[in-house]
Amino acid sequence: MIKTRITEMLGIDHPVVQGGMQWVGRAELAAAVSNAGGLGILTALTQPTPEALGKEIARCRDMTDKPFAVNLTILPTIKPVPYEEYAQAIVDSDVKTVETAGRNPEPFLPLFKSAGIKVIHKCTSIRHSLKAERIGCDAVSVDGFECAGHPGEDDVTNLILLPLAAQRLKIPFIASGGLGDGRGLAAALALGADGINMGTRFMVTEEAPIHEKVKRAMVDASELDTALIYRSLNNTARVFKNSIAEQVLQIESQPGATKFEDIQPLVQGAKGKELFEEGDLDRGIWSAGMVVGLINDIPSCAELVQRIVADAEEIINERLAKVVQA
Ligand code: NAD
């Protein structure tokens, strides 16, 4: 068993947290990860209304008696989002842990803290991690440039970010981005992290509520099959490199400033949702990390978590121990 400050804080068996993923973080996946001994995460904005989020939390609770969390991401959206109402729905549902992402969570902290909720803030830089610690977050998820979705604009990878976080933070932190196997878990622990967060790897599991063709595409992909879109809009996102991502890049490479309206029909979340449901791989865009290059199968969440933890333990107890003795 690998015990860390994060397993203690969250009351979980293994230091493995599922990333918050739009359209993927539903009860089926979150409950499967929690039942496997990790921390499953429901994505708040995947639910169309705060009331629907309350129902999804109740559905997840029917599927697991283990702890799970809710992700609240605050980034530019096509339609305005009533974030305060989503936050209230989380509190009203008696969830014990929230993952915030995208923007400074300070306005939400009084509400969450007064309800006794642990707040993990996802950060793509050390300065944001230190700020999260200063304003009272309980932990941070340090998101390297390898990650899926929004890696920020600094382009610093986890080999640098994680040791910096270990040197400078007092609160526990989870490594996020590029993690998908036991080597990654052992490395993250060695670099000072208290656990790992995996999004893309959990998309390619039996329980992930997305079309088999999307999972197969990620099994077949290499580490070169992601693209960074919205760089020109200061809202960079790492997505799977399909024909739609290539069209977006083409539009962004035109001389002059890119207007979001020019790419909106290609990238709107509603199309990504259809892509996940129907398996038409060129219907829209979907977030995917460089870790697709390490993904070769579609296991259950339980098999995946057990394998990752067992491999990490073997690496630490056998391989690394022997290297030191040699
Ligand atoms: P959406 O349909 O509202 O927007 C589609 C995409 O366009 C999103 O990536 C969004 O960030 C971007 N976007 C929207 N308006 C923009 C603008 N004015 N300028 C620049 N970019 C703009 O989004 P959705 O798919 O329904 O997702 C809801 C929220 O969840 C979005 O904020 C999205 O960024 C976020 N999200 C986060 C992750 C992650 O990495 N954690 C992954 C997927 C989605």
(message) If I take R0 = 41 Å and measure r between the Cβ atoms of residue 84 and residue 318 in this structure, what FRET efficiency does the formula 1/(1 + (r/R0)^6) give, to the nearest 0.05?
(response) 0.20
(message) Over 28 Å between Cα atoms: which of 118/259; 122/322; 55/273; 113/170; 96/131; 122/271 fall into that group?
(response) 118/259; 122/322
(request) Return an integer: the convex hull volume of the alpha-carbon atoms of the stretch 212-290, in Å³ per residue. (result) 77 Å³
(message) Placing unit charges on C-beta atoms (Lys and Arg positive, Asp and Glu negative, everything else neutral), compute the dipole magnitude of the stretch 1-135 about its Cα centre in debye, rounded to 20.
(response) 460 debye
(request) Please report how far the C-alpha centroid of the stretch 112-135 lies from that of the stretch 65-80, rounded to the nearest whole angstrom. (result) 15 Å
(message) What whole-number distance in Å separates the alpha-carbon centres of the stretch 168-224 and the stretch 227-290?
(response) 22 Å
(message) Out of the trypsin sites (Lys or Arg not before Pro) in the stretch 21-75, which ones are loop residues according to DSSP with at most 16 other C-beta atoms within 10 Å?
(response) none
(message) Could you sort the peptides 99-106, 71-78 by per-residue average Cβ neighbour count (10 Å cutoff), highest mean leading?
(response) 99-106, 71-78
(message) Given 25 °C and 0.890 mPa s, compute D for the chain with the Stokes-Einstein relation, Rh being the Kirkwood radius over Cα pairs; round to the nearest whole µm²/s.
(response) 124 µm²/s
(message) Which residue, 148, 115, 91, has the largest displacement toward the positive end of the dipole of the stretch 79-171 when charges sit on each Cβ (Lys, Arg +1; Asp, Glu -1)?
(response) 115
(request) Arrange the peptides 172-180, 290-298 so that the one whose residues have, on average, the most other Cβ atoms within 10 Å appears first. (result) 172-180, 290-298
(request) Tell me which residues come under 5 Å, amide H to amide H, from residue 241 once H is placed; ignore anything under 5 positions away on its chain. (result) 226, 227
(request) Give the carbon-plus-sulfur fraction of the accessible surface of the chain in %, rounded to a whole number; probe 1.4 Å, heavy atoms of protein chains only. (result) 52 percent
(request) Please work out the average accessible area per residue across the chain, using the 1.4 Å probe convention, and give it in Å². (result) 43 Å²
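The values are calculated or read from the model by the stated rules, or taken from the named source; none is laboratory data. Everything numeric here is computed off the predicted structure, so don't read it as measured data. Note that each Cβ is placed from the backbone with ideal geometry, even for glycine, and that neighbours are counted across all protein chains shown. Heads up: the accessible areas ignore ligands, DNA and RNA and are worked out on the full protein's heavy atoms, side chains in. Shrake-Rupley method; radii C 1.70, N 1.55, O 1.52, S 1.80 Å.
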